[in-house]
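A.B. asks: Can you read through this structure? Questions will come right after.
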Amino acid sequence: MSDITLGEICVTAVAETFRGDGEIFASGMGTIPMLGARLARATFEPDLLVSDGEAFFVANDLPVGGTDKEIEGWIPFRTVFDTLWGGRRHVVMGASQIDAYGNQNIANIGPWEKPKSQLLGVRGAPGNTINHTTSYFIGNQTSRVFVDRVDTVSGIGYDRAAQLGDWVRTHHEIRRVVTNLAVFDFDTPDHRMRVASVHPGVDLSEVTAACSFELVVPDEVPTTRLPTDAELAVLREILDPRSLRDRELPA
Amino acid sequence: MADKRMTEDEAIATLADGMTIGIGGWGSRRKPMSLVRALLRSSLTDLTIVSYGGPDVGLLCAAGKVRRLVYGFVSLDSIALEPHFRLARQNGTIPEVVEYDEGMLQWGLYAAALRLPFLPTRAGLGSDVVTNSPFLRTVTSPYADGEELLAVPALTLDASFVHLNRSDARGNAQFLGPDLYFDDLFLNATAPGRRFLSVEQIVPTDELLRNGTFHTMKINRSMVDGVIEAPNGAHFTNCQPDYERDESFQKEYAEAAKDPATWQTFVDTYLSGSEADYQKAVAAR
């Protein structure tokens, strides 16, 4: 299949973050993260549990916004909290700001006491990041999003987790950051963010320019893989027939 | 047998300035909006509001009723950011702000419900939640692990408001939607006296099980002091399966918040009269 879009590359990269997760709750906040979880479950990670974004686990390959659900479980918010505190979840959240160690901010921009821009509040980010694997999807990577220091640490990064004792060090994992330009991980000796792959057609210099901190860049930077024909078919024909995947990205 | 039926205004008349009020629901979902509107009509002020916030928080902030706000988030769901809450934060008009992780808020309510001083958790540790609320303390596990945990203090409430689908006149209540949220904890975190339940419809006790299974009956009458029949009382938030969120009204609300003049028009149109006037104005749109 041809004409693969950036949205499709991002969904596939998000799906890849769930590889190997097995029978846990694959949770995605926003269209592309949700599609990534559903694509992973529909293809290479069939034991994942995915939700309708409301209160149910769905067994079928549900399109985004779809209502024809085959319900396999009930997951009201209290059970979400129990599941995440129990560690049986991997969430892909957004980030208004993120730093080199994966500290994430969704709460506010500017000083917390009197923000320039009040956003959501920390939501579940502190509890998510301290209890289970977390990844991030950022649809518009710029140097104002990839920052030296985030204004309010909502999700905790590796430097902060390192100060919190053995249990947290053992269980804390920021697995990957997927953006419109590249995929990043923290597989470095001091867990500083590293370029894991650059999307097809994107130059590495664009990635480093859209970042305020120094990224770890390996000698050979791979190119983010394209979705397979089978993945594209599932994504285009079943999970997202209305192409909502491309609306979360800059034109 | 106590008949606990009352009106919104009778419930609000039991409150005093400076009280701590917990509001059930989640974001823009099944909020006890008719009770919030009654609170807006009152002269009460200097309130502490505890909420998984939606338009309840926005409206009370816009009306200048909030001295202290305790929340895990404030959102309108289909509109991510709550405009009045944003304005209040950006203008610094809420004197005291306590921003928790969502799970911490549950834990604070649960501790109060169990009459414990705190409950331990890891959620919040390492984040700026602890920086921004310096009253928070940690506790060390007394067992071999010796782990340091966050001690979330009990969030004891003076009053609580929740909105459910059905109840009887004594306060045995039923949720028919997909999620109870934390409504039972809000009621249980409140000392007996000011635990207010609004419902779409009050029915005879023996009708409750005709609407849904016993699993829907999570609120019993020992948890409730006042029952208010409030059809469409969660408007413009949802109350599934009775109704969905009124998205066009929510949009109108959010648009109106952008400018003081348009907001005044909104208040004049919808919020200057009784609950019956509100419902009439909504129906006339």
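The values are calculated or read from the model by the stated rules, or taken from the named source; none is laboratory data. Given the structure is predicted, the values throughout are model-derived calculations rather than measurements. We place every Cβ from the backbone using ideal geometry, glycine too, and count neighbours over all the protein chains shown.
For (1) of a type in the set (D, E, K, R); (2) farther than 16 Å from A:Thr228 by Cα, each residue gets a yes or a no:
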site	(1), (2)
A:Ile4	no, no
A:Ile24	no, yes
A:Gly28	no, yes
A:Thr43	no, no
A:Asp52	yes, yes
A:Leu62	no, yes
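A.B. asks: Being within 14 Å of chain A (Cβ to nearest Cβ) and either over 12 Å from the mean Cα position of the chain (by Cα) or small (Gly, Ala, Ser) (or both): is that true of B:Gly18 here?
C.D. replies: no
A.B. asks: Of the residues that sit in the range A:130-159 and are touching a His at 6+ places or on another chain (Cβ under 9 Å) and within 8 Å of chain B (Cβ to nearest Cβ), which one is farthest from A:Glu113 (Cα to Cα)?
C.D. replies: Checking each candidate, the answer is A:Asn131.
A.B. asks: Are any of the residues in the range A:163-178 in contact with a Pro (Cβ under 8 Å, 6 or more places away or on another chain), in a strand (DSSP E or B) and not hydrophobic (A, V, I, L, M, F, W, C)?
C.D. replies: no
A.B. asks: Next question. Quickly run through the range B:62-86 and pick out the residues that are more than 11 Å from chain A (Cβ to nearest Cβ), surrounded by fewer than 22 Cβ atoms within 10 Å (Cβ to Cβ) and in contact with a Pro (Cβ under 9 Å, 6 or more places away or on another chain).
C.D. replies: Passing the criteria: B:Arg67, B:Arg68.
A.B. asks: Given the criteria touching a strand residue (DSSP E or B) at 6+ places or on another chain (Cβ under 9 Å) and part of a strand (DSSP E or B), does A:Arg149 qualify?
C.D. replies: The answer is no for A:Arg149.
A.B. asks: Next question. Among the residues of the range B:205-218, is there at least one that is surrounded by 17 or more Cβ atoms within 10 Å (Cβ to Cβ), under 24 Å from B:Arg37 (Cα atoms) and at pLDDT 95 or above?
C.D. replies: No.
A.B. asks: Yes or no: the range A:207-223 includes at least one residue that is touching a helix residue (DSSP H, G or I) at 6+ places or on another chain (Cβ under 6 Å), buried (at least 21 other Cβ atoms within 10 Å of the Cβ) and under 25 Å from A:Arg144 (Cβ atoms).
C.D. replies: No, the range A:207-223 contains no residue that is touching a helix residue (DSSP H, G or I) at 6+ places or on another chain (Cβ under 6 Å), buried (at least 21 other Cβ atoms within 10 Å of the Cβ) and under 25 Å from A:Arg144 (Cβ atoms).
A.B. asks: Exactly one condition in (1) more than 9 Å from every other protein chain (Cβ to nearest Cβ); (2) surrounded by fewer than 23 Cβ atoms within 10 Å (Cβ to Cβ) is false for A:Ile174; which is it?
C.D. replies: With (1) more than 9 Å from every other protein chain (Cβ to nearest Cβ); (2) surrounded by fewer than 23 Cβ atoms within 10 Å (Cβ to Cβ) applied to A:Ile174, the lone miss is (2).
A.B. asks: Being among the charged types (D, E, K, R) and surrounded by 15 or more Cβ atoms within 10 Å (Cβ to Cβ) is the filter here, so list the residues in the range A:177-197 that pass it.
C.D. replies: A:Asp185, A:Arg192, A:Arg194
A.B. asks: Pairs needed: first member in the range B:171-183, more than 7 Å from chain A (Cβ to nearest Cβ); second member anywhere, of a type in the set (S, T, N, Q) and assigned to a loop (DSSP other than H, G, I, E, B); C-beta distance under 7 Å; at least 6 residues apart or different chains.
C.D. replies: Once the first residue is more than 7 Å from chain A (Cβ to nearest Cβ) and sits in the range B:171-183, its partners that are of a type in the set (S, T, N, Q) and assigned to a loop (DSSP other than H, G, I, E, B) give B:Asn172/B:Asn220; B:Gly177/B:Gln240.
A.B. asks: Among the helices (runs of 4 or more DSSP H) lying completely within the range A:1-117, list those that include at least 3 residues that are within 14 Å of chain B (Cβ to nearest Cβ) and more than 15 Å from A:Arg176 (Cα to Cα).
C.D. replies: A:77-85
A.B. asks: Can you say whether A:Gly53 is at pLDDT below 95 and either touching a helix residue (DSSP H, G or I) at 6+ places or on another chain (Cβ under 7 Å) or among the small types (Gly, Ala, Ser) (or both), as far as the supplied structure shows?
C.D. replies: Judged against the criteria, A:Gly53 is a match.
A.B. asks: Can you name the residue in the range A:57-99 that is in contact with a helix residue (DSSP H, G or I) (Cβ under 8 Å, 6 or more places away or on another chain) and charged (D, E, K, R) and is also farthest from B:Asp184 (Cα to Cα) among such residues?
C.D. replies: Only one residue tops the list, namely A:Asp61.
A.B. asks: Being surrounded by 20 or more Cβ atoms within 10 Å (Cβ to Cβ), at pLDDT 95 or above and touching a Gly at 6+ places or on another chain (Cβ under 8 Å) is the requirement here; does B:Leu157 meet it?
C.D. replies: When the stated conditions are applied, B:Leu157 passes them.
A.B. asks: A follow-up question, please. On the basis of being away from every other protein chain (no Cβ under 14 Å), out of contact with any Cys (no Cβ under 7 Å at 6 or more places or on another chain), free of Cβ contacts under 8 Å to residues at least 24 places away in the same chain and surrounded by fewer than 16 Cβ atoms within 10 Å (Cβ to Cβ), does A:Pro200 make the cut?
C.D. replies: The answer is no for A:Pro200.
A.B. asks: Condition check: modelled with pLDDT of 95 or more, surrounded by fewer than 19 Cβ atoms within 10 Å (Cβ to Cβ) and small (Gly, Ala, Ser). Does B:Gly171 satisfy that?
C.D. replies: No.
A.B. asks: Show me the helices (runs of 4 or more DSSP H) found entirely inside the range B:184-285 where at least 1 residues are among the aromatic types (Phe, Trp, Tyr) and in contact with a helix residue (DSSP H, G or I) (Cβ under 8 Å, 6 or more places away or on another chain). First the steps, then the outcome.
C.D. replies: Values: elements: B:208-211, B:247-256, B:260-266, B:275-283.
In the range B:184-285, the matching helices (runs of 4 or more DSSP H) lie at B:247-256, B:260-266, B:275-283.
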